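Peer 1: Mind looking over this structure? Questions follow.
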Amino acid sequence: MTPLLAVRNISKSYGSIIGCADVSFDLYPGEVMGVVGESGSGKSTLLSCLAGHLEADAGEVIFDTRVDGPKDTLKMSEPERRMLGRTDWAFVHQSARDGLRMGVSAGGNVGERLMAVGARHYGDIRAKAIDWLGRVEISETRVDDRPTTFSGGMQQRLQIARNLVTGPRLVFMDEPTGGLDVSVQARLLDLLRGLVRDMNLSAIIVTHDLAVVRLLADRLMVMKDGHVVETGLTDQVLDDPQHAYTQLLVSSVLQV
Amino acid sequence: MMMGQNRPMIEISGLRKSFLLHNQGAARIDVLDDAQLSVAPGECVALTGASGAGKSTLMRMIYGNYLAAGGRIMVGEVDVASAEPREILALRRNTLGYVSQFLRVVPRVPTVDVVAEPLLRVGEEEATARDAAKEILAKVNLPERLWSLSPTTFSGGEQQRVNVARGFIHPYPAMLLDEPTASLDGTNREVVLGLIRAAKARGAAIVGIFHDEDARDQVCDREIDVTEFVPQRGAA
């Protein structure tokens, strides 16, 4: 099987400071990989480099494109990469404000991504937007409301609908449940699990929350000071951590 | 015993395990050395030995939850000791079931959906999966009024039955049972033993830990004392 994403030796420095160093992994269709580590471990830098929001100093991010097969996205032209970002890739930001257009209605936020890939028929776009709002449990009656009138959890669900409406194959998520109440978090986790399963999505989820990756990620990558220190099956890394840092991380979680 | 010439479904050889605790003075705890185990289809093997002898560790290693230090753990065609995460995930999805003592679920998800999930993961239709979930929940006598509630607030015995239902909903060819009858009353204990017998009858290879000796005698064909795998304290 061809990996959906093959990452090779991605490195990024900020002057003399290492962002992330020499990161490599394969992600297969339907796989969800969590990236954990403390603040400053390089996990967000890595995600930005993979998604093309930040230019890596070295390495390859090879994506199995629908038409041409595996291609290094870092060498793609800007329009080509932007097209990927509108079709096969999605990015869920920690803050919904970074992923939504706050001045546009909920329906418009979802419909906009459809129009970006060529949808033109207003009725179709609206129907599909309403369908997706329903899937993320936002009532049809709110379709014309702006996200500014939504709660944090609703905004995050709207961002997910906006991202998934075009049927992407790879989703990047940066702390998708960060900043939400725990009760809202649980619902969002369940929603994401269902969507990942039903759409056979591949995802890379950056978070510092080990409970979130345990429930959402199949595989785990642990980062410290820009380096990957341990990888493996999520429950294996959490229950039988091998590296000193992972052992410290796991044993530091507060019990409730 | 049945099926003499059948190939074993689970076959462990030369298995080693030690824990290195980096943050506790790099203490090294050797748990298993040269562990061997072979389980044929339709057979149930009990792991025995005193508490701390390594029964759960061995079981977790078969599931890929603990990492092997050496040796082989063949489950069907997959060597869990050396497989890639995605191979182990596929194995867990299709081949290897696990009834653990602990229930770990997304909070606020209804019991019926928790139990149906293994079927959804193998591509079953939602309605079919939910019907099967209801059927097995009824079989383990979980009151119907609880089905739409999250199991996180259930009693120990109720959670145990949710775990059992979730573990037996899909006909896994290999199963791991960690104290499946521990917190159950007499009636429900019999129900679970019936599920184990039925799984054996359809050819499942089972490894179990049972403190309940009578239950063990009823469903297990053999016992393996894991104490024999405890590493000998070498001359220091």
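Here, each number is a calculation from the coordinates, and none is a lab measurement. All figures in this text were calculated on a predicted structure; none of them were measured in a lab. Neighbour counts are summed over all protein chains in view; Cβ atoms, including those assigned to glycine, are modelled from backbone coordinates with ideal geometry.
Peer 1: Against the longest alpha carbon principal axis of chain B, how many degrees, from 0 to 90 and to the nearest 10, is the axis of helix B:111-121 turned?
Peer 2: So the inclination is approximately 60 degrees.
Peer 1: Could you list the residues of the stretch A:42-79 with an amide nitrogen less than 13 Å from a label point located 7 Å from the Cα of A:ASN9 in the Cα-to-C-beta direction?
Peer 2: Backbone N within reach: A:57-61.
Peer 1: Assuming a strict under-24 Å limit between Cα atoms, what lysine pair count do you get for chain B once near-sequence pairs (fewer than 8 apart, same chain) are dropped?
Peer 2: 4
Peer 1: Rounded to the nearest 0.05, what FRET efficiency do B:ARG28 and A:LEU54 have when you use their Cβ-Cβ distance and R0 = 35 Å? The partial results should precede the final answer.
Peer 2: Working: r = 41 Å, r/R0 = 1.18.
Approximately 0.25, to the nearest 0.05.
Peer 1: Still on this structure: Starting from the amide H of B:CYS44, placed 1.01 Å from N in the peptide plane, find each other amide H under 5 Å away whose residue is 5 or more places distant or on another chain.
Peer 2: Distant-sequence amide H within range of B:CYS44: B:ILE206, B:ASP221, B:ARG222.
Peer 1: Now a separate question. When the expected Rg is taken as 2.2 N^0.38 Å, what fraction or multiple of it is the alpha-carbon Rg of the stretch A:1-94?
Peer 2: 1.07
Peer 1: Mind listing P(r) for the stretch A:157-239? All alpha-carbon pairs, 5 Å bins, whole percents.
Peer 2: 3, 13, 25, 26, 18, 11, 5, 0
Peer 1: Over the Cα atoms of the protein assembly as shown, how large are the radius of gyration and the largest Cα-Cα distance (Dmax), in Å?
Peer 2: 24.3, 81
Peer 1: Net charge near B:ASP214, counting Lys/Arg +1 and Asp/Glu -1 over other residues with Cβ under 12 Å of its Cβ? Spell out each step's value before the answer.
Peer 2: Values: positive: B:ARG189, B:ARG216; negative: B:GLU190, B:ASP212, B:GLU213, B:ASP217.
So the surrounding residues net to -2.
Peer 1: Also: Which of the lysines could a cross-linker span from A:LYS224 if the Cα-Cα distance has to be under 25 Å and same-chain partners fewer than 8 positions apart are dropped?
Peer 2: Result set, ordered by chain and number: A:LYS12, A:LYS43.
Peer 1: What nm distance separates the two modelled labels at B:GLU144 and A:ASP22, each placed 7 Å from Cα along Cα→Cβ?
Peer 2: If labels sit at B:GLU144 and A:ASP22, their model points lie 6.3 nm apart.
Peer 1: Enumerate the amide H contacts of B:ASP225 below 5 Å, restricted to partners 5 or more residues apart or on another chain; note that Pro and chain-start residues carry no placed amide H.
Peer 2: The list, which skips near neighbours in sequence, is B:THR48.
Peer 1: Residues with amide H under 5 Å of B:SER38's amide H, sequence separation 5 or more or different chain, H placed in the peptide plane at 1.01 Å from N; which?
Peer 2: B:ILE12
Peer 1: If you take every DSSP beta bridge whose two residues both sit in chain A, what share of them, in percent to the nearest 5, is antiparallel?
Peer 2: Around 55 percent antiparallel, to the nearest 5.
Peer 1: May I pose another question? Quick one: Cα centre-to-centre distance for the stretch A:222-256 and the stretch B:27-53, in angstrom?
Peer 2: After rounding, the separation between the Cα centres reads 26 Å.
Peer 1: Which semi-axis lengths, in whole Å and largest first, follow from the square roots of five times the eigenvalues of the Cα gyration tensor of chain A?
Peer 2: Value: 30, 23, 16 Å, ordered largest first.
Peer 1: What whole number of Å gives the distance from the Cα centroid of the stretch B:78-144 to the Cα centroid of the stretch A:7-80?
Peer 2: 33 Å
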